[in-house]
Amino acid sequence: MKEKILQKQNICIIGAGLSGLAAGLLLIKKGYKVTLFEKTNNPGGRASSFTPSNLGLSEYLSILSNFQITIPFSEPKLETIYEKNMLKGYKLDTGFHLIGGGQRFVANGAFADIKNDLSFIGSRTGFVSKQGYRYSFFSSFEKIKLIPRILQLFVSYRESRLIDLYDVPIVESLEQFNNKKLKQALALFSRGIATHNDLSLISTGETIRALPKLLRGTQSLGYPRGGLKRLSDAYANFIINNRGNINYNSNVENIVIQKGNIRGIVTNGEEKKFDIVISSIPVQQIFSIVNESSFPSEYVKQLKRLIPSAGLCAYYCLKKINNPKLLGKTFMFLQENLDLKGKAGFGLIDFKTACPDSGLAPKNRYIVQAYIICTPDETQNKKLIKQLKNVLDSLMRILILDFDKQLLWAIYPVTKQLEGVAKIITNKRPSITTPINNFYLIGDCVKSSDFGINSCVNTAKKVEEIISKKER
């Protein structure tokens, strides 16, 4: 840690989600004075976990509503689940999140300070369909034959070429491949990267930049033991223990701008001066706390047009999983002939959280997480959401033959903001820098070479580099 504090650079970060926490950690390591403002009473934002049995039903639903999450279905009824205290001893995520790269996510030097506080359950991805399932998407022979070819192809694309491919739909790029398995892999992974189902809207450039990181190594996906809160707590503890401040229950009401420069913020009715302001809230919401007249009109329109990805999630609690080989696996699926954009639904069913050492369930009980992608508009179609629920249930019955016998309870949250911005061609995500001097945007809503949680942390690293470079 640097002992010198750069007093002239007093930095405010709005939001203590993972991107805000990561930015705070990195900037503190560089010697900046950092204060985070979080409107809730916990760190982590949309990527957190909690113990629902410690909450009343109304409090549980209120927490979810802060993140535009509702629960249209549960088995049995949610009221019954609470009346019978069926959630005792369990931890649930705020929303479905896995981490690309698993332990590698925190293994690099920037996050060496917190990696000892965390351990990850990692896995490769399998595939499940109506015809059955396999533990690895690629067989050993296919890995030897195909994966080097994919990586070589994508590494050969330089940045200048990638820029040209950002507006090329992946559905057009797939036509150059003759190998059926390779085309299927690209069609699946591109949907997962973009968190969107329609291949005609998914960018070839986005896919190419992200895919090698997903395929590289032995653990393509990971999940922290003890739940996602372990990750956000590790960041928060570092910040607090190293002269940083996190103000919980502090709603930022206004970002103060004067002549194109940041002056500070207003929180809980009080103006506070800052040299730099970094926002980690969804960019579509930024004009609820800053006067849009301070920005060019086209920039305002760009941000307001952005749409998030959405999805139906599921948390299944099982008495037994009779096939231990399922534990620690993550299964992709693509369900055809659905009333979704793209006519097919991509999703994941994750058994990492079912591992006994995940810390999410009492002894001899198992939590399986799942989700299927849709759009915010599609979440409003009750008939469609019911159809998606049935898809998840039917695939669980393929994976677990005695699923109905072993099921204790199931909760199906619907989120309108699975990721802040869907990574599709019609969504032109903004840069980290803004038209306002010393005002920055971070998180999964801005331009990044990664996806999901990795995108949050990638933008945190980028904003630290930008600020440090300006300081020099």
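Counting only alpha carbon atoms, the long axis of helix 382-399 and the longest principal axis of the chain meet at about 60°.
With axes computed from alpha carbons, what is the tilt in degrees of helix 18-29 against the longest principal axis of the chain, rounded to the nearest 10 within 0 to 90? For 18-29 against the chain, the angle is about 50 degrees.
Counting only residues at least eight positions apart within a chain, or on another chain, the aspartates and glutamates with an alpha carbon under 14 Å from that of K423 are D167, D198, E206, D444, D450. Ignoring lysines fewer than eight residues from K325 along the same chain, the ones with Cα atoms less than 16 angstrom from its Cα are K352. A straight chain from N237 to D377 at 0.36 nm per residue would run longer than the Cα-Cα distance by 46.6 nm.
Of all lysines in the structure, those lying under 16 Å Cα to Cα from K180, and not within fewer than 8 positions of it along the same chain, are K143, K145.
Projection of the Cα convex hull of the stretch 356-400, averaged over all directions and equal to a quarter of that hull's surface, yields 4.3 nm².
Pairs K77/K319; K91/K363; K389/K428: which exceed 20 Å Cα-Cα?
Exceeds cut-off: K389/K428.
Counted residue by residue at 0.36 nm each, then reduced by the alpha carbon distance between them, the extension gain from S288 to K301 reaches 3.3 nm. Classify the stretch 337-472 as rounded, prolate or oblate from the Cα gyration tensor: take a ≥ b ≥ c as the square roots of its eigenvalues, call it rounded if a/c is under 1.5, otherwise prolate when a/b beats b/c and oblate if not. Note, shape of the stretch 337-472 comes out oblate. Tell me the label only: which of (1) 22.1, 79; (2) 21.9, 66; (3) 24.1, 76 is Rg and Dmax of the Cα atoms in Å as calculated from this structure? It is the value labelled (2).
Spin-label model, N323/K386: points 7 Å from Cα along the beta carbon direction are separated by 3.0 nm. With each pseudo-label sitting 7 Å past Cα toward Cβ, what's the S200-K259 distance in nm, one decimal? So the two model labels end up 5.1 nm from each other.
Site pair N268 and N245 shows an inter-label distance of 1.1 nm when each label is modelled 7 Å from Cα along Cα→Cβ. Each peptide in 188-201, 235-248 gets a packing score, the mean of other Cβ atoms within 10 Å over its residues, and the list from highest to lowest is 188-201, 235-248.
Taking the DSSP beta bridges in the chain as the whole, what percent of them are antiparallel, to the nearest 5?
Here the antiparallel bridges make up roughly 75 percent for the chain.
Available extension along the chain between E471 and D402 is 18.7 nm, counting 0.36 nm per residue and deducting the alpha carbon span. Which FRET efficiency value, to the nearest 0.05, do you get for L55 and E175 by plugging their Cβ-Cβ distance into 1/(1 + (r/R0)^6) with R0 = 56 Å? So the FRET efficiency works out to roughly 0.65. For the chain, the mean residue ellipticity at 222 nm estimated from helices alone is -9500 deg cm²/dmol, where every DSSP H run of n ≥ 4 contributes -39500 (n - 2.57) and the total is divided by all residues, rounded to the nearest 500. What is the helix-to-structure angle for 453-471, meaning the angle in degrees between its Cα long axis and the longest Cα principal axis of the chain, kept from 0 to 90 and rounded to the nearest 10? That works out to roughly 20 degrees. For the chain, the relative contact order comes to 24 percent (Cα pairs under 8 Å, sequence separation of at least 6).
Coordinate-derived values only; no laboratory data. Computed from a predicted structure; not experimentally measured. When we count neighbours, we look across all protein chains shown, and the Cβ atoms used for this are built from the backbone with ideal geometry, even at glycine.
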